[in-house]
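Since the structure comes first, as structure tokens, the remarks are kept for the end.
The values are calculated or read from the model by the stated rules, or taken from the named source; none is laboratory data. Everything numeric here is computed off the predicted structure, so don't read it as measured data. Ideal geometry is used to build each Cβ from the backbone, glycine not excepted, and the neighbour counts take in all protein chains shown.
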Amino acid sequence: MIGNDVQKEKPLRMTRQRRIILRELRKVKTHPSADELYETVRQYLPRISLGTVYRNLETLSQIGEIRKIEVCGSIKRFDGNNKEHYHVRCMVCGRIEDVPESIQFDFGQRVDQTMHYRILSHRLEFVGLCPACTERQLDRMVAKIDGQMQNGGMRLPSCALAEGPS
């Protein structure tokens, strides 16, 4: 047997570092990046390196203790909730939240029944604007319209100027 094969047969040790990384990840619902989690973990392990956090997150993800959230072109984020669930992501700020269980639907079971695949896992992500980004965008639009109206560049339609019924 090759040395690596022997290593694969050994159960994974839950080191102190791994235990603290897992504990801190499961405390938050913000789906942090490795860098963000590193800053938190350093409070308990001041000498831990960023590379150690990355390696442990990858290992925890591979063994199914956590989930890695990868969106093309963005930073990897990690989720301490390893149960099947859905996410909603803000396309402006990148915020990721869990969709409440009360409104989730078991797509995997339906696909399995309809298409006769043996579904092992699936990912579903909703993309939109979070409440804060929606508010900021509305504020920008209102400010832009106000600026145009003050500069005489935009006129209200006559129906908006007419008085309503008395």
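What the table below lists for this structure:
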{"quantity": "Selection within region 90-116 - part of a helix (DSSP H, G or I), of a type outside the set (D, E) and surrounded by 10 or more Cβ atoms within 10 Å (Cβ to Cβ)", "calculated": "F107, G108, Q109, R110, V111, Q113"}
{"quantity": "Entirely in region 1-48, the helices (runs of 4 or more DSSP H) that have 3 or more residues that are at pLDDT 95 or above, under 21 Å from the mean Cα position of the chain (by Cα) and under 23 Å from E70 (Cα atoms)", "calculated": "16-27, 34-41"}
{"quantity": "Condition broken by I119, with the remaining ones in (1) in a loop (DSSP other than H, G, I, E, B); (2) within 20 Å of M14 (Cβ to Cβ) satisfied", "calculated": "(2)"}
{"quantity": "Boolean, G108 is closer than 17 Å to R123 by Cα, out of contact with any Cys (no Cβ under 6 Å at 6 or more places or on another chain) and small (G, A, S)", "calculated": "yes"}
{"quantity": "Residue match in region 127-150 (condition: of a type in the set (S, T, Y) and modelled with pLDDT under 90)", "calculated": "no"}
{"quantity": "Counted residues, region 16-50 - those being among the polar types (S, T, N, Q) and free of Cβ contacts under 8 Å to residues at least 24 places away in the same chain", "calculated": "3"}
{"quantity": "Residue list for region 49-89, restricted to those being under 30 Å from E135 (Cβ atoms), in a loop (DSSP other than H, G, I, E, B) and not aromatic (F, W, Y)", "calculated": "E70, V71, C72, G73, S74, I75, K76, G80, N81, H85"}
{"quantity": "First in region 109-138 and without any contact (Cβ under 8 Å) to a residue 40 or more places away in the chain, second anywhere and among the small types (G, A, S) and in a helix (DSSP H, G or I), Cβ under 6 Å, 6 or more apart", "calculated": "I119/G108; H122/G108"}
{"quantity": "Tally of residues being crowded, with 18+ Cβ neighbours inside 10 Å and not polar (S, T, N, Q) across region 40-64", "calculated": "4"}
